[in-house]
1. What list of ³J(HN,Hα) values in whole Hz, one per residue of the stretch 187-203 in order, does the Karplus curve 6.51 cos²θ - 1.76 cosθ + 1.60 (θ = phi - 60°) give from phi, with Gly and Pro shown as x?
2. How much net charge surrounds residue 189 when only the other residues with a Cβ under 12 Å from the Cβ of residue 189 are counted, with Lys and Arg +1 and Asp and Glu -1?
3. Could you tell me whether the stretch 1-117 comes out rounded, prolate or oblate from its Cα gyration tensor? Rule is a ≥ b ≥ c as square roots of the eigenvalues, rounded for a/c under 1.5, then prolate if a/b exceeds b/c, otherwise oblate.
4. Which of the residue pairs 106/182; 19/159; 19/106; 19/86; 2/159 have a Cα-Cα distance greater than 32 Å in the structure shown?
5. Among 64, 33, 224, whose Cα sits farthest toward the positive end of the charge dipole of the chain (+1 at Cβ of Lys/Arg, -1 at Cβ of Asp/Glu, about the Cα centre)?
6. Over the residues of the stretch 106-222, compute the C-alpha Rg and express it relative to 2.2 N^0.38 Å.
7. Counting Lys +1, Arg +1, Asp -1, Glu -1, what net charge surrounds residue 206 among other residues with beta carbon under 10 Å of its beta carbon?
8. First measure r as the distance between the Cβ atoms of residue 134 and residue 15, then evaluate 1/(1 + (r/R0)^6) with R0 = 22 Å and state the FRET efficiency to the nearest 0.05.
Amino acid sequence: MKVVAIIPARYGSTRLPGKPLLDKTGKPLIQHVVEAVRLVGSIEAVCVATDDERIAEAVRRFGGEAIMTRSDHASGTDRLAEAAEKLNLADNDIIVNVQGDEPEIKPDDIDRLVSLLTDSGAPMATLAASLNVDAAEKPDNVKVVLAGDGSAMYFSRAKIPHDRDGGGAEYLLHLGIYAYRKKFLLEFASMPPTPAERAEKLEQLRALENGRRIVVAVVASATPGIDTMDDYEAFVARMKR
C-alpha cells in the first residue's frame, strides 16, 4: 500500500488571486506546503495538482512534482481525483489531500491521519481540534459532531451541538485535510451533490449522505490557513521571527 500526498493548487482564488505564488518569505507559498508535507514519515510521494502552468513551473523550480489537471473542475476533490488517476495508483493506496494554503500544517498530525485511515478500515478520514464557544458561532468555522467510535455524525456551519440547557457543550472545529483510499476517492468524486451538501456548501457531507463512514482524529490544535492578504502577512512575520 502506497501513501501519496496531493496538494490541489489553483491560481484564481476568489479572495487572494495568485496565492500559491506569494513569495515574500523568499519561497512561494506552495513550496512551504510541499516542504512541510515532505517531513511526514508515512508519505512516500508529494505532488501538486494544478491547472495553471505558472504554479507548475514554480513547483518544478524547487524540485517538486506537478501534475497538470483540467481547468473546469467544480471542486478541489475533482482535481484530486483526476491527479490520482494520472498517478496510476492501486485501489487500496492512500491519498492525503493537503490544502495548498496550509504552510504550517503539522507533520505529526498528517501521520496520525494516515494511521487512522489505515487502522480503521474506513474509506475516508479527517482531523478536528477543540473550538471555543465564541468561535463556534462563526459559520466559516465548520463544526463536526462525533459518534462514540470517532466517526463523524455531521458537519455543519451551524453551532452544533446545540447547548439547550447551557451545560457547556464542547465544540470541534473540522480541519480541511482528508485521507482517502483511492478507489473511494474516485467513487466520491463521481457522486452527484446531495441536499445537505448543497445547503451547507460542505462537500464532505456527500459521503455521509451516501452512507459512507468518515473517521476523525482530534488533534491538539488547528494551524492557521491563509485566506486573505492579512493572513499571509502574519505568516510572513512568523517566518521572519
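1. Each residue of the stretch 187-203 in turn: 5, 4, 5, 8, 6, x, x, 10, x, 5, 4, 5, 5, 8, 6, 10, 5 Hz.
2. Values: positive: 79, 182, 183, 206; negative: 78, 82, 85, 187, 203.
For residues surrounding residue 189, the net value is -1.
3. oblate
4. Going by Cα-Cα distance, 2/159 fall outside the 32 Å limit.
5. Farthest towards the positive end: 64.
6. 1.05
7. Numbers: positive: 198, 212; negative: 197, 203, 209.
With Lys, Arg at +1 and Asp, Glu at -1, the neighbours total -1.
8. E(calc), rounded to 0.05, equals 0.45.
Every read-out reported here was derived from the displayed coordinates using simple, explicitly stated rules and does not represent laboratory data. Bear in mind that the values here come from a model prediction, so they are computed numbers and not experimental data. Glycine also receives a Cβ, built like all others from the backbone with ideal geometry; neighbour counts cover every protein chain displayed.
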